[in-house]
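A.B. asks: Here it is, the structure, as structure tokens.
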Amino acid sequence: MKCKIKNNSNLNMTTALPLLKSLYSYSHGQLGFKDPANVLFQSDIDNSKKSLGKTAHYHPKTHTITIYTDGRHLKDVLRSIAHELVHHDQNCNGAFDKPFQTGPGYAQQDPRMRELERDAYERGNMMFRDWEDIQKWRLTENKQYTKELP
């Protein structure tokens, strides 16, 4: 399942795009979401200067994941995408059909939203970790095959 990708940042897509496609495909296989997601890479210099600035968010109506890229390691950006893809899966399964708030403290004040966040942290991080380990194994395996070639 393909996703629409828009880059409004200075992120090097030569490096990021193959990893994003791989993570997206893996995540779709793991989660099984029925609708494609959109990924928007966004630059926000003012946000990047804040110690606790935004890293990402998901917009359920447009199925859009916005990822803030300034000052971040690509691995951290990809981890955020995995987290937000769980929110996309939740949305595809109706979790955001009821009204909800996402202002300050929403995950502490609304038990339903707290559970959705817990789920996204747990499944998103574990899914990312599994995907990352597969990528590292492939790199290691490719290096071993290259050494064996005459």
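A.B. asks: Any residue at all in the range 103-110 that is modelled with pLDDT under 95, touching an Asp or Glu at 6+ places or on another chain (Cβ under 8 Å) and over 19 Å from residue 1 (Cα atoms)?
C.D. replies: yes
A.B. asks: State all residues of the range 88-101 that are more than 15 Å from residue 126 (Cβ to Cβ), of a type outside the set (Gly, Ala, Ser) and surrounded by 13 or more Cβ atoms within 10 Å (Cβ to Cβ); if no residue qualifies, say none.
C.D. replies: 88, 90, 91, 92, 93, 96, 100
A.B. asks: Hey, another quick one. Considering only the range 56-100, state which residues are farther than 22 Å from residue 7 by Cα and under 16 Å from the mean Cα position of the chain (by Cα).
C.D. replies: 89, 90, 91, 92
A.B. asks: Identify the residue in the range 113-146 that is farther than 24 Å from residue 22 by Cβ and open to solvent by 70 Å² or more (accessible area, probe 1.4 Å) and, among all such residues, is modelled with the highest pLDDT.
C.D. replies: Filtering the range 113-146 down to residues farther than 24 Å from residue 22 by Cβ leaves 113-118.
Of the ones still in play, those that are also open to solvent by 70 Å² or more (accessible area, probe 1.4 Å) are 114-115, 118.
Working: 114: 92, 115: 94, 118: 97.
The residue in question is 118.
A.B. asks: How many residues are closer than 19 Å to residue 90 by Cβ, free of Cβ contacts under 8 Å to residues at least 60 places away in the same chain and not acidic (Asp, Glu) if we restrict to the range 121-135?
C.D. replies: Counting residues in the range 121-135 that are closer than 19 Å to residue 90 by Cβ, free of Cβ contacts under 8 Å to residues at least 60 places away in the same chain and not acidic (Asp, Glu) gives 4.
A.B. asks: On to the next question. List pairs: first in the range 95-120 and free of Cβ contacts under 8 Å to residues at least 40 places away in the same chain, second of a type in the set (Lys, Arg) and open to solvent by 30 Å² or more (accessible area, probe 1.4 Å), Cβ under 7 Å, 6+ apart or cross-chain?
C.D. replies: Going by the 7 Å Cβ cut-off, the qualifying pairs are 107/114; 108/114.
A.B. asks: So, residue 106, is that one over 18 Å from residue 124 (Cα atoms) and open to solvent by less than 90 Å² (accessible area, probe 1.4 Å) or not?
C.D. replies: For residue 106, the condition - over 18 Å from residue 124 (Cα atoms) and open to solvent by less than 90 Å² (accessible area, probe 1.4 Å) - is met.
The values are calculated or read from the model by the stated rules, or taken from the named source; none is laboratory data. Nothing here was measured: the structure is a model prediction, and the numbers come from that model. When we count neighbours, we look across all protein chains shown, and the Cβ atoms used for this are built from the backbone with ideal geometry, even at glycine. The accessibility values were calculated without ligands, DNA or RNA, using every heavy atom of the protein model including side chains. Shrake-Rupley method; radii C 1.70, N 1.55, O 1.52, S 1.80 Å.
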